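The values are calculated or read from the model by the stated rules, or taken from the named source; none is laboratory data. As the structure is a computational prediction, the values presented were derived from the model and not from experiment. Backbone-built Cβ (ideal geometry, glycine too); neighbour counts: all protein chains shown. Keep in mind that these areas ignore ligands, DNA and RNA; they rest on the heavy atoms of the full protein, side chains included. Shrake-Rupley method; radii C 1.70, N 1.55, O 1.52, S 1.80 Å.
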Amino acid sequence: MGSVTRAALDQKLALAKRCSHEGVMAGAKAAVVATVAAAIPTLASVRMLPWARTNLNPTAQALIISTAAGMAYFIVADKTVLASARKNSLYASNRPNRTT
């Protein structure tokens, strides 16, 4: 096993930052979609259904909506980071091995 150069470490760090940034952006987009998708039926049911009107106070409504957004964020961000890492891992394994 050879020594690792500073340039190689900097390249790996830049790649990791890019992967995590892609995950954050994809997760944020998914969270926005999930917020809208959860808010519409939650707020509509509170207005239309007597049971929901009685039992779902504003805190419960916010909890339902924010839970859906949080789950979407973490699931999509995780999948994006893993897919990016897998792609970069395959790229690194197919690259010719240069030894200096």
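If a residue has to be open to solvent by 70 Å² or more (accessible area, probe 1.4 Å), within 16 Å of Ala28 (Cβ to Cβ) and not aliphatic (A, V, I, L, M) to count, how many in the stretch 43-79 make the cut? If you could, list the steps in order and put the result at the bottom.
Looking only at the stretch 43-79, we keep the residues that are open to solvent by 70 Å² or more (accessible area, probe 1.4 Å), and these are 43, 47-51, 53-55, 57-59, 63-64, 71, 74-75, 78-79.
Among the residues that remain, those that are also within 16 Å of Ala28 (Cβ to Cβ) are: 71, 74-75, 78-79.
Filter again for not aliphatic (A, V, I, L, M), leaving 74, 78-79.
Looking only at that region, the number is 3.
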Taking the stretch 80-89 and keeping only residues that are surrounded by fewer than 19 Cβ atoms within 10 Å (Cβ to Cβ) and either touching a Leu at 6+ places or on another chain (Cβ under 7 Å) or in contact (Cβ under 8 Å) with a residue 40 or more places away in the chain (or both), one is left with Ala85, Asn88
List every residue pair whose Cβ atoms sit under 6 Å apart, with the two residues 6 or more apart in sequence or on different chains, where the first one lies in the stretch 26-43 and is in a helix (DSSP H, G or I) and the second, anywhere, is of a type outside the set (A, V, I, L, M).
-> Ala26/Thr80; Gly27/Tyr73; Ala31/Tyr73; Thr42/Gln61
